Every structure is written in C-alpha cells, then in structure tokens.
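Each remark here refers to the structure printed beneath this line.
The values are calculated or read from the model by the stated rules, or taken from the named source; none is laboratory data. Quick caveat, the model's predicted, so the values are computed rather than measured. In this analysis, Cβ positions are derived from the backbone assuming ideal geometry, glycine residues included, and neighbour counts consider all displayed protein chains.
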Amino acid sequence: MSFSLFSRRFLASVCLAMSALSHAQEGTQTASYSVNDSQPVPLLSGGLAFVPTWEAGTPTLVSIISPVLLAPLGKDLVFESRAEFEGDFQPRNGTAGDFTGAVQKTLDYMQLDYIGNRYVTISAGRFLTPFNVFNERLYPNWIRNTQSDPLIFPLGTGSDDGLMFRGGISAGKNLNLNYTAYFSSLSGIDHFESERHVGARIAAFLPRERLEIGASLQHQLQQQHLNRLGWHLVWQPMRVPLELRAEGAFSGPEGSGLWLEGAYRLPNARFAPLRRAQVVARTQAFQTGSIVGLNRDLPVSDTKRTEFTFNYFLKDGWKALAGYGRTFTALGNSNIWTVGMTYRFLLPLGSRQ
Amino acid sequence: MKIRSGFICGLMGMALLAGGKLASSAAKSSVVSQPSLPPQEVDLRSMIEGEKRYRINCGRCHQPPHRFSPREMAMAVRHMRVRAMLTEEDMKFVIYYLTH
C-alpha cells in the first residue's frame, strides 16, 4: 500500500471519527458529575535529577531538568509538552581532571489532546511513542525505581510526530481495557525528529488483582520496514507492598530482550525512618539481532545486567537513591554505581482558587 | 484498489459512528444509574471509591503527590487521564477524592 493511499484512508477515518465523537459528546456532557466543576489551571510541573554514575570506572555527572507544561484549552482540549535538558559531564582526561560535556536539549512531547468521549482521546503533534509502558509512564527520574534505562529501551520508543487515538474503557466490574493506535510521519526538523511508524498497544487491567498485561506492535514505514513486538506486565499485589514490572521487546534485525523489576516498600518497619525506604532489584538481558549496529543505541553484543537500588522518599517530592549494578558482556564485565537525588515540582500558572 | 480502500474507510467510519452512538447511549444510561441518596451519603461513597481508585491507578507508577488545590488537581488528573489512560469514571472519582 502506498504512503499516499494510506494517508488518504487515515485522514478519511479521522474525519469520520471526529463526526462520531461530536455526536457522542452530546451524551457525555449530560453525564458530568458536579465534582468536576473546578476549572483547571495551567501548570508547570516536572522533575530535577542529579545522579552521578560510575560505569566501568568512568564517572559521569548526570544532571537533568525536565519541565512539563500543561494548559487547558476549553472543556475538552489539553495542551501538554515536556522538554528535557540533560548534561552528562565526564572528566576531560578520562578518569581525572575537570568535568566537561555538552547539555542535550530534547523535546519529548508537544501535543494537543482532544478528550472526545469516554472511549477515545485524540492526540496530535509530537508524542511519546506508545511502545510498551516505560517510555510513557515510568521514564521521569522521579518516577523510575532504577535510574538507568532498560537495555531494550531504544527498541521502538522515543518520540514521534503524528496522530494518536487512545483511551481507557471499563469493560466490567473487574476489567479495564486501554489502547493506543498511532501513525507518525518522517521529520528531520531539529528537535522534532521522527520516523514514519504505524503501531498500536492494547492492555487489560484487573483492578482487584492490580494486574496489567499488555502487548505492543509497531511497523516502520521506511528504510528496513522493521516490525517490533513488545509486551509488558505490571503487578502490585494487594497484601504486600511490592511492585513487579516487566517488559519484553523483539525485533529480528535489531535484537530482543526483557527486563524484570521488583520493588519492595517497608511501611511496617520497626525503625520508623525505614518506612520511607524502598529496595529494588532489576535484572535484564539483551540478545543482538541479525544486523548488529542497526540501532546505534542498543548494545553491540549480548548483554546481561543486574542492578540493586535503595530509594528513600523524603518530604515534598525529594527522593534520595543509591544503586549498584553489574553488566555481563562478551566484551568484558563492569560495575555501575549510582548515587543521587531527584525532585518533583509543580507550580500553578494562574490563580489556585 | 480504490474501491477496496473506500470500502475499508466506509467500514471504519460506520464502526466509529456506531461507537459514538454507543457512547451517547451509555452516557445517558449512566445518568439514570446515579444513586438517589442524600448528598452526604453520596459524598462518602465517592470518597471511598475515589481513594480506592486512586490507590489502584496512580500508585501503579508513582508516589502520592502533594495536596493540591482543586484547580491544580483538575489539570493534573486531566493530564493523567491522557497519559495513564484513566477511564472517565476513574478520573472523576480520583478528582473528588483528592480535592475533598
């Protein structure tokens, strides 16, 4: 199918969808609860992180500022954007000397969301590619339990420019379904780089068991026309303060892998200060694909890594952390040490009342 | 080929229109199903349900936020409805819980 034909079909579908949504909107307006009378105020939110890392003996001072701008545009429209400024500073002479490095500026997303009805939200612009869940939900430093990115993170994720449909649906007393379907276009514009993709993700969430299982699919509409498959699992047992998260990704030419993370809180510790603590263990493996180096952000040899992190949640959005990990590859094993702080902030850009 | 693509578009459009109709009727039926209880009791139920949904949905990814004003929370939860794909019901109950 040619790109132009695909685009025409897609645009036609969007037009029809908009007409359907406007029809459905009549009903949803009458169903609103009085609790949502508060007018939303624009917000500047985001996170700060300073997480020095020693990998294979080389120190890197990782400093990140990641502001998020949220603005309501009427009843059903939301503008949201996130940028990231990351400075990775390393010693000028390898392991000694003064620290130097460039600050990377990235526009993670800049999108307009139209909350059509209870079944669909349409997002247009630059969005986080919804492949698995780490990229969309767990990426910010103040959220993630382990500070390093998973080895498979570069598979199918990043940001894309295009159109996305998404929604969460209650499909029964103990079943919520959520989905995304998207299409993106090729762009080489600075800070708006994007590949041509079409993809979808669907997940089932069981609220009683607090278990979510989902699958992602992505097809690249350019170059090698790669297919990427992914799955994710999130489980928080009701009776134990434990979080289990796992993701897997597969792409024949690029490689495949998975990660599994368990995080345990200590809310009942006898020593009261420990109740703010969390211990985390993550293990992961990556196997190279048929074309090594096709995706330059992936490891160039089969890799395994296991990490342990101690997080301590201070007041007012601060988190202190320390971690150790070991990487096993055919090219040599190495240690990763991490220590640092993260902070989450939120500022209203208007009257709070 | 053009006939086939037009047919597929038509089918998709009909499916979406049907979805819109369904949404409309579902929304109307939800108005009917609202409990006709005294306001205080409805509030208490909403609070309990809101806390439950907050713990189930928000706690899956991050720690509890600070206490924010209703206007701030209305924006933050709308953002999370898109980001974390909360259902409409989840969003309403969570806002209620976090602002009362």
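For segment A:68-88, which positions are closer than 30 Å to A:ALA56 by Cα and touching a Ser or Thr at 6+ places or on another chain (Cβ under 6 Å)?
Of everything in segment A:68-88, those that are closer than 30 Å to A:ALA56 by Cα and touching a Ser or Thr at 6+ places or on another chain (Cβ under 6 Å) turn out to be A:GLU84, A:GLY87, A:ASP88.
Working carefully through the options A:GLN218, A:GLN223, find the one that is touching a residue at least 40 places away in the same chain (Cβ under 8 Å) and more than 13 Å from chain B (Cβ to nearest Cβ).
The match here is A:GLN218.
Quick check on A:THR283: is it modelled with pLDDT of 95 or more, β-branched (Val, Ile, Thr), over 21 Å from the mean Cα position of the chain (by Cα) and under 17 Å from A:PRO150 (Cβ atoms)?
no
If a residue must be more than 18 Å from the chain's Cα centre (by Cα) and more than 14 Å from every other protein chain (Cβ to nearest Cβ), how many such residues does segment A:84-117 contain?
The number of residues fulfilling the criteria is 18.
For A:PHE127, only one of the following conditions fails: (1) surrounded by fewer than 22 Cβ atoms within 10 Å (Cβ to Cβ); (2) within 14 Å of chain B (Cβ to nearest Cβ). What is its number?
(1)
Report every pair of residues separated by at least 6 positions or lying on different chains whose Cβ atoms are under 9 Å apart, first residue within segment A:297-319 and over 22 Å from A:PRO150 (Cβ atoms), second surrounded by 16 or more Cβ atoms within 10 Å (Cβ to Cβ) and among the hydroxyl-bearing types (Ser, Thr, Tyr).
Filtered contacts from segment A:297-319: A:ASP316/A:TYR343; A:GLY317/A:THR342; A:GLY317/A:TYR343; A:TRP318/A:THR342; A:TRP318/A:TYR343.
If A:ALA171 satisfies every condition in (1) out of contact with any Lys or Arg (no Cβ under 7 Å at 6 or more places or on another chain); (2) modelled with pLDDT of 95 or more but one, which is the exception?
(2)
Could you list, in sequence order, the residues of segment A:118-148 that are assigned to a loop (DSSP other than H, G, I, E, B), of a type outside the set (Phe, Trp, Tyr) and more than 22 Å from A:PHE183 (Cβ to Cβ)?
A:ARG118, A:PRO140, A:ASN141, A:ILE143, A:ARG144, A:ASN145, A:THR146, A:GLN147, A:SER148
How many residues are surrounded by fewer than 14 Cβ atoms within 10 Å (Cβ to Cβ) and in contact (Cβ under 8 Å) with a residue 40 or more places away in the chain when one looks only at segment A:226-266?
Final tally of qualifying residues: 0.
Select from segment A:267-280 the residues that are surrounded by fewer than 17 Cβ atoms within 10 Å (Cβ to Cβ) and of a type in the set (A, V, I, L, M) and write down the one among them that is nearest to A:LEU151 (Cα to Cα). Please lay out each step first, then the result.
Narrowing segment A:267-280 to residues surrounded by fewer than 17 Cβ atoms within 10 Å (Cβ to Cβ): A:267-275, A:279.
From the residues that got through so far, the ones that are of a type in the set (A, V, I, L, M) too are A:269, A:272, A:274, A:279.
Details: A:ALA269: 33, A:ALA272: 36, A:LEU274: 31, A:VAL279: 21 Å.
Among them, the one singled out is A:VAL279.
Go through segment A:303-353 and give me each residue that's of a type in the set (A, V, I, L, M), surrounded by 17 or more Cβ atoms within 10 Å (Cβ to Cβ) and farther than 16 Å from A:GLY47 by Cβ.
Within segment A:303-353, A:ILE336 is the sole residue that qualifies.
For segment A:226-249, give me each residue that is within 19 Å of A:TYR182 (Cα to Cα) and more than 14 Å from chain B (Cβ to nearest Cβ).
Pass one, segment A:226-249, residues within 19 Å of A:TYR182 (Cα to Cα): A:226-232, A:249.
Of everything in segment A:226-249, those that are within 19 Å of A:TYR182 (Cα to Cα) and more than 14 Å from chain B (Cβ to nearest Cβ) turn out to be A:LEU226, A:ASN227, A:ARG228, A:LEU229, A:GLY230, A:TRP231, A:ALA249.
Would you confirm whether or not segment A:223-230 contains a residue that is within 30 Å of A:VAL279 (Cβ to Cβ), at pLDDT 95 or above and part of a strand (DSSP E or B)?
Looking for residues that are within 30 Å of A:VAL279 (Cβ to Cβ), at pLDDT 95 or above and part of a strand (DSSP E or B), one finds at least one in segment A:223-230, hence yes.
If you take just the strands (runs of 3 or more DSSP E) that sit entirely in segment A:149-214, which of them hold at least 1 residues that are in contact (Cβ under 8 Å) with a residue 24 or more places away in the chain, among the polar types (S, T, N, Q) and farther than 20 Å from A:GLY230 by Cα?
Filter on segment A:149-214 gives A:176-185.
If we keep just the residues of segment B:51-100 that are of a type in the set (Asp, Glu) and within 24 Å of A:GLY172 (Cα to Cα), which is farthest from the other protein chains (Cβ to nearest Cβ)?
Here the answer is B:GLU51.
Within segment A:63-116, work out how many residues are among the small types (Gly, Ala, Ser), under 23 Å from A:ARG166 (Cβ atoms) and part of a strand (DSSP E or B).
Of the residues in segment A:63-116, 4 are among the small types (Gly, Ala, Ser), under 23 Å from A:ARG166 (Cβ atoms) and part of a strand (DSSP E or B).
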